[in-house]
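The values are calculated or read from the model by the stated rules, or taken from the named source; none is laboratory data. All values derive from a computational prediction rather than experimental measurement. Quick reminder, even Gly has a Cβ in these numbers, built from the backbone with ideal geometry, and neighbours come from all protein chains shown.
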Amino acid sequence: MAGGGAGRSLEETPTWAVAAVCFVLVLISIIIEHILHLIGKWLKKKHKRALYEALEKIKSELMLLGFISLLLTVGQSLITNVCIPPDVAATWHPCSPQREEELTKQDDLVDSDHNRRKLLAVSHLNVTFRRSLAAAGGTDKCAAKGKVPFVSEGGIHQLHIFIFVLAVFHVLYCVLTLALGNAKMRSWKSWEKETRTVEYQFSHDPERFRFARDTSFGRRHLSFWTKSPFLIWIVCFFRQFVRSVPKVDYLTLRHGFVMAHLAPHSDQKFDFQKYIKRSLEEDFKVVVSISPPIWFFAVLFLLFNTHGWRAYLWLPFVPLIIVLLVGTKLQVIITKMALRIQERGEVVKGVPVVEPGDDLFWFNRPRLILYLINFVLFQNAFQLAFFAWTWKEFGMKSCFHEHTEDLVIRITMGVLVQILCSYVTLPLYA
C-alpha cells in the first residue's frame, strides 16, 4: 500500500508533523514511567513491600497489554489478508440482520456525500487523489476473490482503542479496590484502641465462666437458625449487606488470633487492625494479577456479545452472583466457628476462642476464595471497559447496548459489584 489505508502516507506528510506526534507520545510515556517510579520509591520508603510488588504486577500487566497492541500493529497485514467466505463472515454478529441493513444504508449515504465533497476539494490535485484511491482499494485481495477480510483494518484500529481503555480501567479499579478496602478497615481502628482500655480488660476477664450462648459472640451466632444448614446460608446471605464485620466478630477473631499465635499477655501490645491491613496488601498482589484463565474468560465475554444471546440479561450478573456467594461463605465460616465453640462445651472460660481451619473453606483451600475475588474484580473492570469502549466507538444506541435496560443493568451491576467486593468481601476475607 502506498499509504497503509485511505489518506496520505508518511512520504506525503510534513516531517515536522511526524516529529511533533512522536515527541508528544514519547513525552507522555516518560512522564507516566517517572510517576510510577516515584510511587515505587515512596512505597519502598514506607516499607510497603506488598504494595510495591503489586505495583510491579500492574506494570507488567500494562506491558503485556502494550505487547498485545504491538502484535496487532505488526500483524495487521497478516490478519487483513486472511480471507473468509461472506456467508461465514455473516455469522455471530452483535447486530441483527435488519439492524445491519439499516446501518449499511446509513453508511452508504454518508460515504456518497463524503466522496462528493472530496472530489470538489481535491480536483486540483489529481495525482494525490489517484494515489489515495489506489491506497484505499487497489490492493483489496479479498474483494478480488469474492471474500471478505477476517478482521478489517478499521476493526483492528478499534481493538487498539479497546486495549487502551481496558488498561485505564484496570489501573483505576486496582486503585479503587485498595482505597475502599482501607476505608472499611479504618473504621476498625477505634475497636483496636478499645482493647487497651481498662473497661475492655474488665469485661473480658479471662477467669470468668459463662455459657457459650450467653457471650456476645454466642448471642450473635448461636440461635435457632444455626440448627439448619439451609437457614444458616439464608441468614448469612443477608448479613453481608448489614455490618459484614461487626465489633463483636472483630474482637472475637482478634482474641482467637492472639491466643493461637502470640504470648498470653501480649494482647494489649498487639495491633490486630494493622496486621489485617498488611494482610490486605498481601492479598492485593493476587487481586491485581491477571492469570491465563482470567484472560480466557475475558475472551469468552467478547464471544458472548452476539445478537440473540441476550448477554446483557445474564452476563453482568455472573460477577455479582460469585461475589455474593463468596461473601455468604465467609459469613458461614464465622458462624461455624461459633458452633465449634459450643461443641467443645456449653461453658466457656473468659472470651470464646475461635479456631479457624482450612476444612471450613471450599476444597480445603482458603486461597480459592481470593482467586474468585480476583476473577470478579477483573471481569467487572473488563465489562465496564467494554461498555465505555462501545459507547465511545459506536454511540449510545449501538448493537452492543441498543436496549435501555442494557445500559441500566451494566452500569448498576458494575458499581454494585465493585462496592461489594472491595468494601465488604475483600476486607472480610483479609
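Listed here are the residues, each with its yes/no results for (1) closer than 30 Å to residue 142 by Cβ; (2) in contact with a helix residue (DSSP H, G or I) (Cβ under 6 Å, 6 or more places away or on another chain).
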position	(1), (2)
26	no, no
31	no, no
34	no, no
45	no, no
53	no, yes
66	yes, no
83	yes, yes
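State yes or no: is residue 285 in contact with a Lys or Arg (Cβ under 7 Å, 6 or more places away or on another chain), closer than 28 Å to residue 51 by Cα and in the same structural domain as residue 407 (by TED's automatic domain parsing)?
Values: in contact with a Lys or Arg (Cβ under 7 Å, 6 or more places away or on another chain): yes; closer than 28 Å to residue 51 by Cα: yes; in the same structural domain as residue 407 (by TED's automatic domain parsing): yes.
The answer is yes for residue 285.
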### Task
Evaluate region 315-322: report whether one residue or more is in a loop (DSSP other than H, G, I, E, B) and within 25 Å of residue 423 (Cβ to Cβ).
yes
### Query
Name the helices (runs of 4 or more DSSP H) wholly within region 237-312 that hold at least 2 residues that are more than 22 Å from residue 378 (Cα to Cα) and at pLDDT below 80?
247-261
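Please tell me if residue 354 is out of contact with any Cys (no Cβ under 6 Å at 6 or more places or on another chain), aliphatic (A, V, I, L, M) and assigned by TED's automatic domain parsing to the domain that holds residue 175. Steps first, answer last, please.
Working: out of contact with any Cys (no Cβ under 6 Å at 6 or more places or on another chain): yes; aliphatic (A, V, I, L, M): yes; assigned by TED's automatic domain parsing to the domain that holds residue 175: yes.
It is true that residue 354 is out of contact with any Cys (no Cβ under 6 Å at 6 or more places or on another chain), aliphatic (A, V, I, L, M) and assigned by TED's automatic domain parsing to the domain that holds residue 175.
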### Query
Quick one: which of 58, 28 is assigned to a helix (DSSP H, G or I), β-branched (Val, Ile, Thr) and touching a residue at least 60 places away in the same chain (Cβ under 8 Å)?
58
### Message
Step by step: first the residues of region 375-430, then only those that are basic (Lys, Arg) and part of a helix (DSSP H, G or I), then the one that is nearest to residue 157 (Cα to Cα). Which residue is that?
### Response
392
### Task
Could you tell me which numbered condition residue 394 fails, if it satisfies all but one of (1) more than 23 Å from residue 297 (Cβ to Cβ); (2) of a type in the set (Phe, Trp, Tyr); (3) in contact with a Ser or Thr (Cβ under 7 Å, 6 or more places away or on another chain)?
(3)
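Condition check ((1) among the aliphatic types (A, V, I, L, M); (2) surrounded by fewer than 20 Cβ atoms within 10 Å (Cβ to Cβ)) across all residues:
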| site | (1), (2) |
| --- | --- |
| 365 | no, yes |
| 376 | yes, no |
| 387 | no, no |
| 399 | no, yes |
| 403 | no, yes |
| 409 | yes, yes |
| 421 | no, no |
